[in-house]
1. If one takes the accessible area of chain A alone plus chain B alone and subtracts that of the pair, with a 1.4 Å probe, what total in Å², rounded to the nearest 100, results?
2. Measuring with a 1.4 Å probe in the full set of protein chains, what accessible area per residue, in whole Å², belongs to segment A:285-384?
3. Measuring from label point to label point, each 7 Å out along Cα→Cβ, what is the residue A:537 to residue B:60 span in nm?
4. Identify all aspartates and glutamates with a Cα-Cα distance to residue A:549 below 15 Å; exclude those on the same chain that are fewer than 8 residues away in sequence.
5. What list of whole percents do you get for P(r) of the protein assembly as shown, with Cα-Cα distances grouped in 10 Å bins up to the one holding the largest distance?
6. Give me the inter-chain shielding for A:187-199: mean count of other chain Cβ atoms within 10 Å, whole number please.
7. What order do you get for A:164-174, A:189-199, B:113-123 when each peptide is scored by the mean count of other beta carbon atoms within 10 Å, highest first?
8. For segment A:1-119, what is the convex hull volume of the alpha-carbon atoms per residue, in Å³?
Amino acid sequence: MGNPTDDPWWFSTTDHKKIGIRYLYTAFAFLLLGGIEALILRVQLAQPNARLLSPEAYNQLFTMHGISMIFLYAQPILSGFSNYLWPLLLGSRDMAFPRLNALSYWVFLAAGLFIYSSFLVGAAPNDGWFNYVPYANREYNPGPNIDFLALGMILLGISTTVGGINFVVTTFKMRAPGMSINRMPILIWGTLTASVANIFVIPVVSLAFFLLWLDRQFGTDFFRVEAGGQPLLWQHLFWIFGHPWVYAIILPAMGMVSDALPVLCRRPLVGYTFVALATVATMAIGFGVWTHHMFVTGLPGISLSFFSGASIVIAIPSAVSVFAWIATIWTGRPVLNTAFLFFASFIVLFVIGGVSGFMTASVPVDWQLHDTYFVVAHIHYVLIGINVFPVIGAFYHWLPKMSGRLMSETLGLWNFWLMFIGMNLAFLPMHLTGLWGMPRRVYTYGESFGWNTLNMITTIGAFVFAAGVLVFLVNVFLTLRSGRRAGANPWAAGSLEWATTSPPPPYNFAVIPTVRSRYPLWEHQLRDTPHRSEPYRGLELAKGHEALKSSTLDAEPQAILPMPHASLDPVLLTLGLAVLFVALLVHGWWVALGSGLFILGVVIHWIWPRAEFGSREPPEEEAAHG
Amino acid sequence: MAEQASPGGLHPLPVGNISPHSMGLLGFWGLVATEAALFGALLFAYFYSAFGAGRAWPPEGLPTLALSGPNTAILAASSITLWLGERAMKRRGSRRGLALGTAASLALGILFLAIQIKEWADKGYGIDDHAYAAHFYTITGFHVAHVVFGLILLAAMLIWTLRNYFSKARHEPVVMVSLYWHFVDVVWLFVFASLYLSPYLLR
């Protein structure tokens, strides 16, 4: 009998580890594309009155830079880590829905290619990543640029939503026996919180893009003010999604730091409960801050006060986490390796980005700074500081688990210092550029405006940062080819993913472990924790072919679930969706109808009750023999 | 796949997606949650535009309840027949009861669909005539799309029932499809209250 995760074809796998690695590769590719776009923008902006890019080319590049980084890199890279790590952290054999997991990857890939294919016809989206009307309306933007984005975002939303549902059900139902909810690693809390938010806010932005597409293609009047529509409705719908999304792309990264930093400080995380609650609280408040993006649109005073207050209050849970990390380093014995440097500097960058965010939460300050480079500096401190730095650190920490090989620390130091210096060189002076009045989204500026030196410094910093990313790529390449063997637990870490081999076998754990503390592998070293977890003894469950379902809060075993086999349904469904969206883009209505029927057929095949999953009575002839 | 002892060795664990341990049902709850958020956003956009437009909403005057009122009752009835069918399977393992209930819901759902199409045809305006029309057709259109998908699920469930897939112990797909259909019905109550009743209150 073959292993359940054996693949008849490469693209039919449902193994969360393979899917996770594909997520990481794909998201990183989009990071590189977005980075190249950024470098071209910085060359254009390095000097006044430059003519490298036309205004239209500049618009397309800065828009695609934002879309690549925010939608195609920042969230998917975290999904990649979560996909790979979750079942390992939870002591499980796989995600709750392995086929949905594959679907979310393939649809993400299709959406990314769909949006990027706009370059092939020279009509990339050109209205910024938040795509405000009226410029996005057809009167002002007649080409297919915005349609690529609108349809592509709906497609991407499908991927994020099914991924989110999968993470939520996996958290609550697939934990190893004894991993009660207060013993889950913080990464689980981070991605769980982000996933719950995504389930509720992704439909809002998908709807906004759908309504915009109707306005553009069918002449409806949702956003067109001359026909009774509401242009501001776009901003509301976008930011109801957009601000929770900002937290969705940082909370899992903060979770990775909360889990990996204590390992490198040789002690448990300080204030576990507070950090977990701060994660949830950040998102809860994050649902009520969206109009701080809209302070200059003429909202009523009561609205300004409320959203300004909420935006200031959100600093509190963030500060709780920051103090917990600092205390962990302070009271621990830090190992100063590359991963530690990335995690520790993340705290610094987070504080700088948090303070500039706190400043713009104040309405009068925001009125001054709105649409200046100050806001650009803020968003880059937040997104590079809280997403990219933890992600690169996480590669140094977990790539040994994924590949079985350690990354080079020498190259790691070059990697870190180039990125850290480049990042601060690029974006610290940019606060000044903004305070001195340089507006965002202009393709050039005059020589006498006083922004020349600052812009040149920023461009140099961007290239230093890019050199750091290049060193990282070289390091990964050399590691995968000839890195030193890592062994099961190179960092002497305490959580479950280090209890299995590096890389782990397809079934993850030979037996289902039992967990009685937050750090099951550290119990013999921690004085106040009785030695009770069983990482290496437990249920075998059909030689790795079945998984365990456990209760929501206490993780008591409830049922045994058969593991799904490799399946072509996810990739077929993705193909159907891709054809459907291309047909919608080019108005091929009959093709759209055909692909819609094909999608329906695959869905019915997918949910068809099967005896091997126990979702129907076995066929009679089998029952007679059984 | 024999039953295995739990770690304490106290009681054996059930194997497979048997109620109440179905993972698929939890996945459907996730689907319902995200779809509910979608309709929440649709109605948010509707009311945002309604309050922005003031008294000129709806521009053609108050909506008529002549078709939509009875149609709401028809959709509600389809939930009841489905509930009766599901109960027959859960309590008595009655394949016949489940098939009858599903078939009745299927018929009522198709009737709802036909009346909704008639309702559209009777409107004197198209989707691109004004902002109200855009919201009206989009919201009811989204709902109709969900009704159509629900009907396809009900049809599949009828086939599964007639092919004897289900028993008193194993009928998880029935619970899943029912959840979806009840959701489609409950969402209609919100749509109906927003599109057909709220203009009377807001005038």
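The values are calculated or read from the model by the stated rules, or taken from the named source; none is laboratory data. Only a predicted model underlies this, so the values are computations on that prediction, with no experimental measurement involved. With ideal geometry, Cβ positions are generated from the backbone for all residues, glycine too; neighbour counts draw on all protein chains shown. Please note that ligands, DNA and RNA were not included when accessible areas were found on the heavy atoms of the full protein model with its side chains. Shrake-Rupley method; radii C 1.70, N 1.55, O 1.52, S 1.80 Å.
1. In total, chains A and B hide about 4400 Å² from solvent.
2. Here the per-residue accessible area is 42 Å².
3. In this crude spin-label approximation the distance works out to 7.5 nm.
4. A:94, A:540, B:3
5. Computed distribution, short to long bins: 2, 12, 22, 25, 20, 13, 5, 1, 0.
6. If you average over the peptide's residues, the count of other-chain Cβ atoms is 1.
7. Listed from highest to lowest mean packing, they are A:189-199, A:164-174, B:113-123.
8. In segment A:1-119, the Cα hull volume divided by residue count equals 100 Å³.
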